[in-house]
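S.K.: Can you read through this structure? Questions will come right after.
The values are calculated or read from the model by the stated rules, or taken from the named source; none is laboratory data. Remember, predicted model here, so these are calculated numbers, not experimental data. Neighbour counts are summed over all protein chains in view; Cβ atoms, including those assigned to glycine, are modelled from backbone coordinates with ideal geometry.
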Amino acid sequence: MIHIIIADDHQLIREGLRKVLRDESDMKIVADVSNTHDLLEQLRKESADVLVLDVNMPGRSGIDVLADLKREFPSVKILMLSMHPEDALAVRALKSGAHGYITKNSPPEEMINAIRKVGGGRRYISETLADKLADNVQSKTSQELHHTLSDREFEVFQLLGAGVTVSEIAVRLSLSVPTVSTYRARILEKMKMETTAELIHYAVKNNLVE
């Protein structure tokens, strides 16, 4: 039996996953949570084989909390769940310790297959993602400037790209406004841009924001 915890801040997603998995005789959802704080508390109380973790959680993001999860719960297999195109975040997630990556628009049978593979100790990436990763290894284009950003910089970039203000980002990520401003300046420099408007245009054009 694969014991599963679902971590996603959208109730509809959590309920949808429960419906998808409820008829699978080899799977059992032991808990679902809406933020990373509750996730850590739940894992300390309830063991799980697979964690289905949303990339964009409130407070600390799914990718940001990966290192803590791997250190404190090394036996838990982590399947990242995202609204974003697979190649935008998958490499970051896998490098940070995730065992698989799947998008929210994947069909139910793919989700079931991904959980079984990850629960069995294997890694999961879709054929589409595998092809994209192979293409990225062969050629880096100017449209991949976001790959030069650190995980935290990319998180700030996504929020800026979605039109969130510096002060709002500071509150969401529990950072000071000057720190977020420093991240913004670094991001603009790395991506060879001068204004937030350019970041927003790039993020929208490359489907990097919800």
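S.K.: Considering every residue within region 27-41, establish whether at least one is closer than 16 Å to VAL118 by Cα and either aliphatic (A, V, I, L, M) or modelled with pLDDT under 90 (or both).
M.R.: yes
S.K.: Ok, one more. Condition test on THR165, is it over 23 Å from MET83 (Cβ atoms) and at pLDDT 90 or above?
M.R.: no
S.K.: Related question: Which of the numbered conditions does SER106 fail, given that it passes all the others? Conditions: (1) under 30 Å from VAL204 (Cα atoms); (2) without any contact (Cβ under 8 Å) to a residue 40 or more places away in the chain; (3) in a helix (DSSP H, G or I).
M.R.: (3)
S.K.: Can you find a residue that is among the hydroxyl-bearing types (Ser, Thr, Tyr), surrounded by fewer than 13 Cβ atoms within 10 Å (Cβ to Cβ) and not assigned by TED's automatic domain parsing to the domain that holds SER61 anywhere in region 193-206?
M.R.: Yes, region 193-206 has at least one match.
S.K.: Quick check: is even one residue across region 62-85 under 11 Å from the mean Cα position of the chain (by Cα), modelled with pLDDT of 90 or more and more than 20 Å from GLU127 (Cα to Cα)?
M.R.: No: zero hits.
S.K.: Still on this structure, please answer the following. Counting only residues that are in contact with a strand residue (DSSP E or B) (Cβ under 7 Å, 6 or more places away or on another chain) and among the charged types (D, E, K, R), which one in region 42-61 is farthest from ILE112 (Cα to Cα)?
M.R.: Per the stated criteria, the residue is GLU46.
S.K.: Determine if region 169-187 includes at least one residue that is of a type outside the set (Asp, Glu), touching a Phe, Trp or Tyr at 6+ places or on another chain (Cβ under 7 Å) and under 15 Å from LEU145 (Cβ atoms).
M.R.: yes
S.K.: Could you please let me know if ILE187 is touching a residue at least 12 places away in the same chain (Cβ under 8 Å), surrounded by fewer than 17 Cβ atoms within 10 Å (Cβ to Cβ) and not in a loop (DSSP other than H, G, I, E, B)?
M.R.: no
S.K.: Within region 156-197, which residues are farther than 25 Å from HIS37 by Cα and in contact with a Lys or Arg (Cβ under 9 Å, 6 or more places away or on another chain)?
M.R.: Within region 156-197, THR196 is the sole residue that qualifies.
Here's the yes/no breakdown for (1) closer than 22 Å to GLU153 by Cα; (2) in contact with a Ser or Thr (Cβ under 9 Å, 6 or more places away or on another chain); (3) charged (D, E, K, R):
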site	(1), (2), (3)
VAL20	no, no, no
ILE29	no, no, no
LEU39	no, no, no
VAL50	no, no, no
ASN56	yes, yes, no
SER96	yes, no, no
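S.K.: Does region 36-58 hold any residues that are in a loop (DSSP other than H, G, I, E, B) and exposed (fewer than 15 other Cβ atoms within 10 Å of the Cβ), and which are they?
M.R.: Once the filter is applied, which keeps residues that are in a loop (DSSP other than H, G, I, E, B) and exposed (fewer than 15 other Cβ atoms within 10 Å of the Cβ), region 36-58 yields GLU46, SER47, PRO58.
S.K.: Continuing with the same structure: What's the total number of residues in region 165-199 that are among the charged types (D, E, K, R) and within 23 Å of the chain's Cα centre (by Cα)?
M.R.: Summing the residues that are among the charged types (D, E, K, R) and within 23 Å of the chain's Cα centre (by Cα) in region 165-199 gives 5.
S.K.: For region 59-78, how many residues meet the condition of being within 14 Å of ASP8 (Cα to Cα) and either touching a Cys at 6+ places or on another chain (Cβ under 9 Å) or part of a helix (DSSP H, G or I) (or both)?
M.R.: The number of residues fulfilling the criteria is 3.
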